[in-house]
Amino acid sequence: MMRRGGKVSFSYEWEQTPSNDDGECQYLKVEVEASISNYHPEVITQRNGDPGWPAEGGEVESIVVTMPDGSNLNPIPGKLYDELVERAVEEHYENGG
């Protein structure tokens, strides 16, 4: 059964590196929009006994992070990118994707 890809949007509180003397982290609320490809699950063998195929798709194809001032964050730092990809996939499939 194929799962439909699509777009997902959500707000994310991005933890910033401590910039003040007390060492407290600051949070910056950003808006995220991601595009996710269609997902085709793995099939080990077909009903007629022929070999199946591996799982395909379900990945984040593109991701845009909009800062509070309206500008886009580009490039997206590696750790933040990984967190947003994980969250985008969760949001997409939790909302019926």
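Here are the numbers:
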{"read-out": "TYR93, sole failed condition from (1) assigned to a loop (DSSP other than H, G, I, E, B); (2) modelled with pLDDT under 85; (3) surrounded by 11 or more Cβ atoms within 10 Å (Cβ to Cβ)", "value": "(1)"}
{"read-out": "Residue that is over 15 Å from the mean Cα position of the chain (by Cα), within 25 Å of ARG3 (Cβ to Cβ), modelled with pLDDT under 90 and not polar (S, T, N, Q), where the choices are GLY57, GLY52", "value": "GLY52"}
{"read-out": "Strands (runs of 3 or more DSSP E) (entirely within the stretch 2-82) containing at least 3 residues that are out of contact with any His (no Cβ under 9 Å at 6 or more places or on another chain) and touching a residue at least 24 places away in the same chain (Cβ under 8 Å)", "value": "6-15, 27-36, 60-66"}
{"read-out": "Filter pass, ILE36 being surrounded by 11 or more Cβ atoms within 10 Å (Cβ to Cβ) and in contact with a helix residue (DSSP H, G or I) (Cβ under 6 Å, 6 or more places away or on another chain)", "value": "yes"}
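The values are calculated or read from the model by the stated rules, or taken from the named source; none is laboratory data. Values in this document were obtained by computation on a predicted structure and should not be read as measured data. Cβ atoms come from the backbone with ideal geometry, glycine included; neighbour counts cover every protein chain shown.
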